[in-house]
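The values are calculated or read from the model by the stated rules, or taken from the named source; none is laboratory data. For clarity, every value in this text was computed on a predicted model and none was experimentally measured. Heads up, the Cβs are rebuilt from the backbone with ideal geometry, glycines too, and the neighbour counts pull from every protein chain shown. Only protein heavy atoms, including side chains, enter the accessible area calculation; ligands, DNA and RNA are left aside. Shrake-Rupley method; radii C 1.70, N 1.55, O 1.52, S 1.80 Å.
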Amino acid sequence: ATASVRPLELFDAVAAAALPRLREFNSQELANTVWAFATAGVAAPRLFDAIADAALPRLREFNSQGLANTAWAFATAGVAAPELFDAIAGVVLPRLGEFTSQGLANTAWA
């Protein structure tokens, strides 16, 4: 994906392998996964929905970058996740001082 090549078979295989294992992912791995798919422009609605479900009860484990990247990824991918966005907002507000300027911008954009 970094060479502007989108090997859809690889992304499909990663999504299929990740779905049953999301409980094993830590907060950074959840954020990185949706960020990678959004950055590559690869639609994976089932994966995004499953990651939203996995992330919701664990958002307090996310660092500021993970929160910003997750919000950005869902917004960039055009995946509607109002419950996730509401929960992210609730976690972000008391922690705004932890965010870099880029993290603030990404979160606000999302």
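Here are some notes:
- Contact map, the stretch 22-34: residues that are of a type in the set (D, E, K, R) paired with residues that are open to solvent by 80 Å² or more (accessible area, probe 1.4 Å), Cβ distance under 7 Å, separation 6+ or inter-chain. No pairs are found.
- The requirement of being part of a helix (DSSP H, G or I), of a type in the set (A, V, I, L, M), surrounded by 13 or more Cβ atoms within 10 Å (Cβ to Cβ) and more than 10 Å from the chain's Cα centre (by Cα) is not satisfied by LEU30.
- Qualifying position, being free of Cβ contacts under 8 Å to residues at least 40 places away in the same chain and either part of a loop (DSSP other than H, G, I, E, B) or within 11 Å of the chain's Cα centre (by Cα) (or both), among ALA89, ALA43: ALA43
- Against the numbered list (1) open to solvent by 50 Å² or more (accessible area, probe 1.4 Å); (2) under 12 Å from the mean Cα position of the chain (by Cα), LEU104 comes up short only at (2).
- Within the stretch 71-98, considering residues that are of a type in the set (A, V, I, L, M) and surrounded by fewer than 17 Cβ atoms within 10 Å (Cβ to Cβ), the one nearest to ALA40 (Cα to Cα): ALA80
- Total residues in the stretch 4-27, condition open to solvent by 40 Å² or more (accessible area, probe 1.4 Å) and outside any loop (DSSP other than H, G, I, E, B): 13
- Taking the criterion of being open to solvent by 10 Å² or more (accessible area, probe 1.4 Å) and farther than 13 Å from ASN106 by Cβ, the residues of the stretch 53-70 that qualify are ASP53, ALA54, LEU56, PRO57, ARG58, ARG60, GLU61, ASN63.
- Scanning the stretch 20-53 for residues that are more than 22 Å from GLU98 (Cβ to Cβ) and in contact with a Lys or Arg (Cβ under 7 Å, 6 or more places away or on another chain) yields ALA40, GLY41, VAL42.
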